[in-house]
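A short write-up of the structure that comes next.
The values are calculated or read from the model by the stated rules, or taken from the named source; none is laboratory data. Quantities reported herein were computed from a predicted structural model and do not represent experimental measurements. Here the Cβ is made from the backbone with ideal geometry for all residues, glycine too, and neighbour counts use every protein chain on show. Quick note on the areas: whole protein, heavy atoms, side chains included, nothing else; ligands and nucleic acids left out. Shrake-Rupley method; radii C 1.70, N 1.55, O 1.52, S 1.80 Å.
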Amino acid sequence: WMGTLPTPEAVCKETGVEEVFYIDDAPAVFKQKSINVVHVMNGTNSDSDLAVLTATVKADGVQVKRDWLHDVMANQRVFKTKREVELLKWANKISSDAHIEVMRMAKPGMSQHHLESTFVHHCHFYGGMRHQSYSCICATGADGATLHYPHNDKAITDGQMALLDMGGELNCYATDITCCFPVNGTFTEAQRSIYNAVLDAQIEVFHAMKPGVSWVDMHKLALRTMAKHLIQIGIFVSGTTVEDIMEKQLMRLFQPHGLGHLIGLDVHDVGGYLKGLPTRPTEADCCKLRTARILEPNVFITVEPGLYFNNVLLQQALENPDEAANLNAAKVKEFWNFGGVRIEDNVVVTEDGILNLTCCPRSCEEIEATMSGTPFIKSPTAYKNVA
């Protein structure tokens with residue numbers, strides 16, 4: 001039914017593994033090689049909270065140990081080799097080009113599912129990406145305030161912002177890219193103000209990331225940057241300072257997620273919280289972080305600040321006297337059906353900064369030009385942040 005099955009010799013040649021055996025032969029192999037201890041994985045993915053599937057070993061006289069392999073393997077997956085980075089560059093190029101194709105064809109009157117199908121087709125046709133890293137998120141208008149919007153079935157209306165979170169998967173390696181743009185090709189003043197707040201936060205983080213810095217500090221840098229913009233826009237009442245916002249942890253109302261996550265063989269990859277690493281922050285504006293690691297070379301991670309006008313969160317805040325005291329209710333209501341903006345790129349930490357592998361239009365000017373038909377070409381961008 002499935003064609004020729006791979007032989008152990010073929011698997012060795014394909015993967016570079018030194019020895020491969022059929023599982024049914026395990027007892028005999030253990031005996032032949034005098035193996036009396038077998039280590040298997042047993043642990044929980046701190047990101048998904050799902051336990052790994054622990055292998056069952058059926059062999060007489062063999063001791064099975066489950067105490068250390070999971071964390072070692074999880075930690076190893078955090079750090080990418082040069083060959084992995086090259087593969088991820090190609091995967092990001094195809095996924096970035098697919099986002100650009102969607103950006104060019106999107107028009108009011110279409111359906112969200114047209115955006116998804118265009119992306120999936122481009123990834124598969126031009127990049128051989130048969131699978132997506134996760135279910136595409138194609139939100140427009142108010143749906144952009146739903147972080148993992150699942151439906152992709154509504155009509156696209158003139159004047160809306162699109163928030164498209166999509167990434168192709170290549171040879172089991174994930175990409176995770178989010179682009180936002182006005183569906184009619186031209187930013188309004190309000191759209192531009194929110195978009196630039198998020199973009200400024202991402203750029204600030206890009207210029208600060210390097211080995212030795214705390215991911216929690218990068219998250220807070222993004223929050224502070226966006227808070228400054230929200231003050232200028234008028235979302236907070238006159239006299240409110242960035243320090244006031246951070247002290248009250250009010251940015252959780254507008255970005256209820258962490259700055260980013262580890263990525264690789266899974267889109268939300270393992271290794272975020274392991275023994276001996278920094279623990280999850282408890283502050284309300286930081287507790288959703290998927291890792292609190294100190295950055296090291298070869299770590300591959302997403303950088304995805306966002307601002308959202310989630311009606312449920314904001315209504316609760318407006319009914320809370322302590323939080324409402326700093327919110328300009330009238331201005332908040334102006335953005336009530338805005339949705340949200342998230343800008344997400346995939347970066348690898350280098351010895352002196354980062355290399356951003358995602359190659360999408362990012363400034364408002366680049367986006368408008370791309371949507372009007374101007375060719376867009378970009379290569380991975382290096383940030384040198386160590387003097």
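Once each of the GluC sites (Glu not before Pro) sitting in a DSSP loop with at most 15 other beta-carbon atoms within 10 Å is removed, the chain keeps 20-282 as its longest stretch. Classify the chain as rounded, prolate or oblate, taking a ≥ b ≥ c as the square roots of the eigenvalues of its Cα gyration tensor: rounded when a/c is under 1.5, otherwise prolate if a/b is larger than b/c and oblate if not. Prolate, because a/c is 1.5 or more and a/b exceeds b/c.
At a probe radius of 1.4 angstrom, the accessible area of the chain per residue rounds to 49 square angstrom. Fully extending the segment from D244 to S34, taken as 0.36 nm per residue of separation minus the present Cα-Cα distance, adds 69.1 nm.
The accessible surface of the chain, taken with every protein chain in place and a 1.4 Å probe, is 53 percent carbon and sulfur.
Sorting I137, I23, I233 by accessible area puts them as I23, I233, I137; the probe is 1.4 Å, largest comes first, and only protein heavy atoms count. Counting only protein heavy atoms and using a 1.4 Å probe, the accessible area of Y126 comes to about 140 Å².
In whole angstrom, note down how far apart the Cα centers of region 50-91 and region 197-211 are. First find each Cα centre; the distance between them is then 31 Å. Mind checking which of P182, P281, P321 has the largest fluctuation in a GNM of the chain, springs on alpha carbons under 10 Å? Among P182, P281, P321, the largest GNM mean-square fluctuation belongs to P321. What does the C-alpha gyration tensor say about the overall shape of region 171-224? Classify as rounded when a/c is under 1.5, otherwise prolate if a/b is larger than b/c, or oblate. Because a/c hits 1.5 or more and a/b fails to exceed b/c, region 171-224 counts as oblate.
The three principal axes of the Cα atoms in region 161-288 give end-to-end lengths of 47, 39, 24 Å, sorted in falling order. T44 sits with roughly 70 Å² accessible to a 1.4 Å probe, with DNA, RNA and ligands left out of the calculation. For W336, the accessible surface of its heavy atoms amounts to roughly 50 Å² (probe 1.4 Å, protein chains only, rounded to the nearest 10). Placing unit charges on the Cβ atoms of the charged side chains and taking the dipole of the chain about its Cα centre, the candidate lying farthest along the positive direction among L164, Y22, H261 is Y22. Membrane-span-like helices in the chain, defined purely by DSSP H runs whose alpha carbon atoms cover 15 Å or more axially and whose average Kyte-Doolittle hydropathy reaches 0.0, are 189-206, 215-233. Is the C-alpha gyration tensor of region 245-381 telling us rounded, prolate or oblate? Criteria: a/c under 1.5 is rounded; beyond that, a/b larger than b/c is prolate, otherwise oblate. Note, shape of region 245-381 comes out oblate. Projecting label points 7 angstrom from Cα along Cα→Cβ for T15 and I377 puts them 4.0 nm apart. Of the residues K89, K275, K331, the one that moves most in a GNM of the chain with alpha-carbon contacts below 10 Å is K275. Note on region 245-318 and region 100-137: Cα centroid distance 27 Å, given to the nearest whole angstrom. Ranked by solvent-accessible area (1.4 Å probe, protein heavy atoms only, all chains present), the residues L277, L250 order from largest to smallest as L277, L250. Less than 5 angstrom separates the built amide H of V237 from those of L327, N328, all sequence-distant by 5 or more or on a different chain.
For the chain, the 222 nm mean residue ellipticity estimated from helices alone, with every DSSP H stretch of n ≥ 4 adding -39500 (n - 2.57) and the total spread over all residues, rounds to -10500 deg cm²/dmol.
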